[in-house]
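**Student:** Below you'll find the structure I mean.
Nothing in this text is a laboratory measurement; each read-out follows from the coordinates by a stated rule. Computed from a predicted model, the values in this text were never measured in an experiment. Note that each Cβ is placed from the backbone with ideal geometry, even for glycine, and that neighbours are counted across all protein chains shown.
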Amino acid sequence: MSTGGFAEWTEHFVAEAERRRQAGDPGWATGAALPEAVWRSLQRFQAGEDGDGANLISKADAAGDDDYAEAVRLFVAEEQNHARLLALLLAAGGRTTIDTCWSDRAFVRLRRLLGLRMELLTLMVAELVAVRYYRAVRDGSDDPLVSEVAARILADEERHIPFHCRRLRASVAELPGRPLRRLTMTGWRGLMLGATLFVSLDHGSALGRLGVSRGRFVTEAMASTGAVVKDVLDAARPLDVPPVAHTCPSSRPTPVAAA
């Protein structure tokens, strides 16, 4: 059964997969050069991207919307492609991947604590943090291959935000009463702040080499939460449609609003 209008998103993810297939991979043979702190940071982000998404897929299946469940599978495939791109970028720079770090394991456990709503709320935190991080890598690196890979991943992450907002709006609307819904999103903002502060400290050396201070990273990442909260709580707002597929993977796309 399909009730949430996610058929358009399924079609969009399929079109993006075909676009990626036709565009092909970046030119890995050129190699890549980065400060050591940035390489270590990318290794940790690659480990965080490298998951099978089985728990999210299971919860999406249980939600009873066939189109949404299919769209989630395609979303997971995009995230797995990010892990693949980062692994190949690391190899181009003579680096290897690492096992999942403790912070990523803790984040995954948090996502799995409750149902689909909690999974998506914590996943949204990861998406917003990733948007600011990959923007820093794209704009702060002098290496063309690094900037191209970051631009590709960033474009995907920016598209994922309205996708998750659409499902979260329905999920949060199931909570009894507007005060509880507002409290939920206030708590989510607190979670976002904690995660952003942690990333700014854990990856501070890399961010500094990319020209972004810890304070700036936190401020700009948190600035994106207002649009998400408004989108999720405004049930009367028209449902978002998938954005037009980008066609130039090597370009530096103009950042879009979070929701």
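**Student:** When you count, for each residue, the other Cβ atoms within 10 Å and take the mean per peptide, how do 26-38, 59-71 rank with the highest first?
**Tutor:** Ranking, from highest mean packing down: 59-71, 26-38.
**Student:** Stretch A77-D142 to full length: gain in nm at 0.36 nm per residue minus the Cα-Cα span?
**Tutor:** Value of the extension gain: 20.5 nm.
**Student:** Expressed in nm to one decimal, what extension gain is obtained for the pair R216 and Q22 from 0.36 nm per residue of sequence separation less their Cα-Cα distance?
**Tutor:** So the extension gain works out to 66.2 nm.
**Student:** Size of the dipole of segment 7-233 about the Cα centre, Lys and Arg at +1 and Asp and Glu at -1 on the beta carbon, nothing else charged, in debye to 20?
**Tutor:** 940 debye
**Student:** Give the Cα extents of segment 7-233 along the principal axes, in whole Å, largest first.
**Tutor:** 54, 39, 28
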